[in-house]
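The values are calculated or read from the model by the stated rules, or taken from the named source; none is laboratory data. Predicted model only: the values in this text are computed from it and were never measured. Here the Cβ is made from the backbone with ideal geometry for all residues, glycine too, and neighbour counts use every protein chain on show. Surface areas here come from the heavy atoms of the whole protein model, side chains and all, with no ligands, DNA or RNA. Shrake-Rupley method; radii C 1.70, N 1.55, O 1.52, S 1.80 Å.
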Amino acid sequence: HVALALSNLDLREHLRLQSVRDPLTDLYNRRFMEEFFESELKRSRRGGYPVGLIMFDIDRFKEFNDTNGHTAADYLLKELGQYLRNSLRGEDVVCRYGGDEFIIILPGASLEDTLRRSEQIRREVYQLRMVQYGKEMPGVTISMGVACSPEHGSTRDEMMRSVDLALYQAKKNGRNCVAVAQSECWAMV
């Protein structure tokens, strides 16, 4: 009976992890991000501290995929996930938002801290060297949008709109850069 109970606990934990983790990158998934971010914003309002938010994607990922193949694209996403897991603070949460889009939630980080951290990540991703099957893969760049609560919104929807518009601006500015949300982004229709 004890062995069966332990086996059930292991299975339950395995299923729980599958429900909140992206299987390719082992980062948290969008579902987890949405719930965590909502809770963190509520805590930050009660505690009076900021929450930084970074959204980024890989520049020209479709072209990378078409040129190098799906296996190389998956490898790139896995390596990027490993880099992110190893380079963030323990309290930061990184999620694969979908495809080649990622979200980083930085509890307690001011806009200045979030911007500084995003620039560091952007530079380090550009410098990543990945080798697959003994062959060095081409380097990639990322475009990043940055927002901070409460400056750019106080709800999840406001913050997501602000950071999404900032990411769009980074792409419009030529890619491989960081753009900061405008204070009025969340109020736009």
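Any residue at all in the range 125-135 that's surrounded by 14 or more Cβ atoms within 10 Å (Cβ to Cβ), within 14 Å of the chain's Cα centre (by Cα), more than 17 Å from ARG60 (Cα to Cα) and aliphatic (A, V, I, L, M)?
Checked against the condition, which is being surrounded by 14 or more Cβ atoms within 10 Å (Cβ to Cβ), within 14 Å of the chain's Cα centre (by Cα), more than 17 Å from ARG60 (Cα to Cα) and aliphatic (A, V, I, L, M), the range 125-135 yields no hits at all.
Would you check which residues across the range 136-172 are of a type outside the set (Ser, Thr, Tyr), open to solvent by 20 Å² or more (accessible area, probe 1.4 Å) and more than 19 Å from ASP100 (Cα to Cα) and list them?
GLU136, PRO150, GLU151, ARG156, ASP157, GLU158
Scan the range 31-73 residue by residue and report those that are surrounded by fewer than 12 Cβ atoms within 10 Å (Cβ to Cβ), acidic (Asp, Glu) and within 23 Å of CYS177 (Cβ to Cβ).
The one that is surrounded by fewer than 12 Cβ atoms within 10 Å (Cβ to Cβ), acidic (Asp, Glu) and within 23 Å of CYS177 (Cβ to Cβ): GLU63.
Quick grid of which residues meet (1) among the hydroxyl-bearing types (Ser, Thr, Tyr); (2) in contact with a helix residue (DSSP H, G or I) (Cβ under 9 Å, 6 or more places away or on another chain):
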| site | (1), (2) |
| --- | --- |
| TYR97 | yes, yes |
| ASP113 | no, no |
| ARG117 | no, no |
| ILE121 | no, yes |
| MET130 | no, yes |
| MET137 | no, yes |
| GLY145 | no, yes |
| ARG156 | no, yes |
| ALA170 | no, no |
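Scan the range 102-121 for residues that are surrounded by fewer than 17 Cβ atoms within 10 Å (Cβ to Cβ), in contact (Cβ under 8 Å) with a residue 12 or more places away in the chain and either charged (D, E, K, R) or part of a strand (DSSP E or B) (or both) and report the count.
2
How many residues, within the range 146-186, are in a strand (DSSP E or B) and of a type in the set (S, T, N, Q)?
Initial filter on the range 146-186 (in a strand (DSSP E or B)): 146-149, 178-180.
With of a type in the set (S, T, N, Q) added as a condition, the list becomes 149.
Counting residues in the range 146-186 that are in a strand (DSSP E or B) and of a type in the set (S, T, N, Q) gives 1.
Out of everything in the range 16-30 that is surrounded by 18 or more Cβ atoms within 10 Å (Cβ to Cβ) and polar (S, T, N, Q), what residue ends up being nearest to ILE103 (Cα to Cα)?
ASN29
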